[in-house]
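Following: one structure in structure tokens, then a few remarks.
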Amino acid sequence: MYKEAFPEELQRYYYNLFGSEAEEIMKKLREPVEKYYIRVNTLKISRQKLMEELRKEGLKPKRSPYLEEGIYFEREGPNFSDDYEPKLPEVIANKFAAESVYQGAQLYAPGVLKADKEIKEGDEVQIRDPKGLLVGIGIARMSAKEMVVATRGIAVEVTLPKFKLPSLNELKAYEKGYFYAQSLPSMVVAHILEPQEEDLIIDMAAAPGGKTSHIAQLLENRGEIIAIDKSKNRLAKMEKELKRLGVKNVKLLQMDSRNLPDLGIKADKILLDAPCTALGVRPKLWEGKTPKEIEATARYQRHFINAAIKSLRRGGILVYSTCTLSYEENEGNVQYMLKKGLKLEEQKIFIGSPGLGIKEVQRFYPHKHLTQGFFIAKLRKVS
């Protein structure tokens, strides 16, 4: 059943790249992560104190064995089988809303595409995505007519999602800025950068701010970080997020990072969490990307890589990361950087797998590490 989530040419691409493991990778990509991670914001609270607060809220937090600031929650589910066919009236949700319901969120009215006409408030209903995948069961809180036209409010109170991850944004601890929801591989990135107080650090694709705020946290709000994003809206949200987390050593800059050399800055350390095809993000109810798009994205990423290399001082460090699984966007672009005079460096924390043909880079696989698909490379500018 999971294979239908991937176009045939992408399936072939995965088989060519990963061999017999491709099946297991695709199967895992269809599901949410088994361990849902948050990062303790040590600018405001210790891990122990936050765990105590979360337990009071009825949650079951667990310590990450890898990172002192990591906490995770075990995923619940699947709560029903793939071939389960409840005899209930149907509500069809858009892809984004369906993916949220699939992980335990409520279905809000703006996410409803259509609903069986006979549905009345209080009826038990089934929720499916636009392609017919059952994502959850719940109680209608509006009639069919209302949920299709309403622009706010809960359309269906979800009582049985396919999977269940904790809902954390309503918690007081969230409001107080005690944590940031961030995947384990994404948390590893700031540690690989090894920021020092005296470094001038640039984050080239910074919004929504997860990695930037983590670097600030590791620096205990000292030093200087320049965080760049070309989207005004994303930067405005990031500014709010940094305020919530109590981050004070970040300068936000709205620009296209491909023009970074125009600033005439020579950075000690640059983080390029490159715009990518996001093939590693879970869950994937449906994936539309093709091998052609992978190649086009890899070429696009090289504009950012060239800008980073020009803006890095000699001896400076570039950490390159993506949330994708392809070779071209990952090891392929590392090969490109090596030809440009960069040299691979050892990574301080290595809990993933070695790369495809390059052992110094780090890959995270959904089926091996129970995480998102992710990639990290650390390089030094030697010439």
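If a residue has to be under 30 Å from Lys248 (Cβ atoms), touching a strand residue (DSSP E or B) at 6+ places or on another chain (Cβ under 7 Å) and touching a residue at least 60 places away in the same chain (Cβ under 8 Å) to count, how many in the range 18-68 make the cut?
9
Might you check whether a residue that is open to solvent by less than 70 Å² (accessible area, probe 1.4 Å) and farther than 23 Å from Glu241 by Cα occurs anywhere in the range 36-57?
First, the residues of the range 36-57 that are open to solvent by less than 70 Å² (accessible area, probe 1.4 Å): 36-41, 43, 45-47, 50-51, 53-54.
With farther than 23 Å from Glu241 by Cα added as a condition, the list becomes none.
Looking for residues that are open to solvent by less than 70 Å² (accessible area, probe 1.4 Å) and farther than 23 Å from Glu241 by Cα, one finds none in the range 36-57, hence no.
Regarding Lys114, is this residue open to solvent by 50 Å² or more (accessible area, probe 1.4 Å), in contact (Cβ under 8 Å) with a residue 12 or more places away in the chain and either in contact with a His (Cβ under 9 Å, 6 or more places away or on another chain) or part of a strand (DSSP E or B) (or both)?
Values: open to solvent by 50 Å² or more (accessible area, probe 1.4 Å): yes; in contact (Cβ under 8 Å) with a residue 12 or more places away in the chain: yes; either in contact with a His (Cβ under 9 Å, 6 or more places away or on another chain) or part of a strand (DSSP E or B) (or both): yes.
It is true that Lys114 is open to solvent by 50 Å² or more (accessible area, probe 1.4 Å), in contact (Cβ under 8 Å) with a residue 12 or more places away in the chain and either in contact with a His (Cβ under 9 Å, 6 or more places away or on another chain) or part of a strand (DSSP E or B) (or both).
Go over the candidates Lys237, Lys248 one by one and state the one that is among the basic types (Lys, Arg), in contact with a helix residue (DSSP H, G or I) (Cβ under 8 Å, 6 or more places away or on another chain) and farther than 24 Å from Ala377 by Cβ.
Sole residue among the options that is among the basic types (Lys, Arg), in contact with a helix residue (DSSP H, G or I) (Cβ under 8 Å, 6 or more places away or on another chain) and farther than 24 Å from Ala377 by Cβ: Lys248.
Yes or no, residue by residue, for (1) modelled with pLDDT under 95; (2) within 26 Å of the chain's Cα centre (by Cα):
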{"residue": "Met147", "(1), (2)": "no, no"}
{"residue": "Gly153", "(1), (2)": "no, no"}
{"residue": "Val158", "(1), (2)": "no, yes"}
{"residue": "Phe163", "(1), (2)": "no, yes"}
{"residue": "Glu170", "(1), (2)": "yes, yes"}
{"residue": "Lys176", "(1), (2)": "no, yes"}
{"residue": "Ser186", "(1), (2)": "no, yes"}
{"residue": "His191", "(1), (2)": "no, yes"}
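In the range 19-38, which residues are touching a helix residue (DSSP H, G or I) at 6+ places or on another chain (Cβ under 6 Å) and not charged (D, E, K, R)?
The answer is Ala22, Ile25, Met26, Leu29, Tyr37.
Lys62 - would you say it is surrounded by fewer than 19 Cβ atoms within 10 Å (Cβ to Cβ), within 21 Å of the chain's Cα centre (by Cα) and not polar (S, T, N, Q)?
When the stated conditions are applied, Lys62 passes them.
Among the numbered conditions (1) touching a residue at least 40 places away in the same chain (Cβ under 8 Å); (2) part of a helix (DSSP H, G or I); (3) over 29 Å from Ala190 (Cα atoms), tell me where Tyr15 comes up short.
Status for Tyr15: all satisfied but (1).
Is it the case that some residue within the range 93-109 is aliphatic (A, V, I, L, M), touching a helix residue (DSSP H, G or I) at 6+ places or on another chain (Cβ under 6 Å) and either modelled with pLDDT under 95 or in a strand (DSSP E or B) (or both)? Please lay out each step first, then the result.
Step one: filter the range 93-109 for residues aliphatic (A, V, I, L, M), giving 93, 97-98, 101, 105, 107, 109.
Checking which are touching a helix residue (DSSP H, G or I) at 6+ places or on another chain (Cβ under 6 Å) leaves us with 93, 97, 107, 109.
From what is left, the residues that are either modelled with pLDDT under 95 or in a strand (DSSP E or B) (or both) are 93, 107.
Taking every residue of the range 93-109 in turn, at least one turns out to be aliphatic (A, V, I, L, M), touching a helix residue (DSSP H, G or I) at 6+ places or on another chain (Cβ under 6 Å) and either modelled with pLDDT under 95 or in a strand (DSSP E or B) (or both).
Which pairs turn up if I take residues in the range 341-357 that are acidic (Asp, Glu) and look for partners that are open to solvent by less than 40 Å² (accessible area, probe 1.4 Å) and at pLDDT 95 or above with beta carbon separation below 8 Å, at least 6 apart in sequence or on another chain?
From the range 341-357, the pairs are Glu345/Ile317; Glu345/Lys378; Glu345/Leu379; Glu346/Lys378.
In the range 265-304, how many are open to solvent by less than 40 Å² (accessible area, probe 1.4 Å), touching a residue at least 60 places away in the same chain (Cβ under 8 Å), in a loop (DSSP other than H, G, I, E, B) and closer than 30 Å to Ile225 by Cβ?
4
Looking at Ala115, Ala205, which one is hydrophobic (A, V, I, L, M, F, W, C) and within 30 Å of Gly315 (Cα to Cα)?
On the way: Ala115 fails: within 30 Å of Gly315 (Cα to Cα).
Unique residue meeting the criteria: Ala205.
Conditions: (1) among the small types (Gly, Ala, Ser); (2) crowded, with 23+ Cβ neighbours inside 10 Å; (3) free of Cβ contacts under 8 Å to residues at least 60 places away in the same chain. Ser143 meets all but one. Number of the miss?
(2)
For the range 119-140, which residues satisfy the criterion of being open to solvent by less than 10 Å² (accessible area, probe 1.4 Å) and in contact (Cβ under 8 Å) with a residue 60 or more places away in the chain?
The answer is Asp129, Val135.
Quick check on my filter: what residues within the range 18-35 are part of a loop (DSSP other than H, G, I, E, B) and open to solvent by 10 Å² or more (accessible area, probe 1.4 Å)?
First pass over the range 18-35, keeping only residues part of a loop (DSSP other than H, G, I, E, B): 30-34.
Correct list: Arg30, Glu31, Val33, Glu34.
Take Tyr72 and tell me if it is part of a strand (DSSP E or B) and of a type outside the set (A, V, I, L, M).
On the way: part of a strand (DSSP E or B): yes; of a type outside the set (A, V, I, L, M): yes.
In short, yes.
So, of the residues in the range 247-264 that are among the aliphatic types (A, V, I, L, M) and either in contact with a Ser or Thr (Cβ under 8 Å, 6 or more places away or on another chain) or in a strand (DSSP E or B) (or both), which turns out to be least open to solvent (accessible area, probe 1.4 Å)?
So the first thing to find is which residues in the range 247-264 are among the aliphatic types (A, V, I, L, M), and the list is 247, 250, 252-253, 255, 260, 263.
Right, trim to either in contact with a Ser or Thr (Cβ under 8 Å, 6 or more places away or on another chain) or in a strand (DSSP E or B) (or both) and you get 247, 250, 252-253, 260, 263.
Working: Val247: 21, Val250: 30, Leu252: 60, Leu253: 60, Leu260: 1, Leu263: 75 Å².
Of everything passing the filter in the range 247-264, Leu260 is least open to solvent (accessible area, probe 1.4 Å).
The values are calculated or read from the model by the stated rules, or taken from the named source; none is laboratory data. All of these numbers come straight from a predicted model, not from anything done at the bench. With ideal geometry, Cβ positions are generated from the backbone for all residues, glycine too; neighbour counts draw on all protein chains shown. For the accessible areas, the whole protein counts, side chains as well, though only heavy atoms, and no ligand, DNA or RNA atoms are used. Shrake-Rupley method; radii C 1.70, N 1.55, O 1.52, S 1.80 Å.
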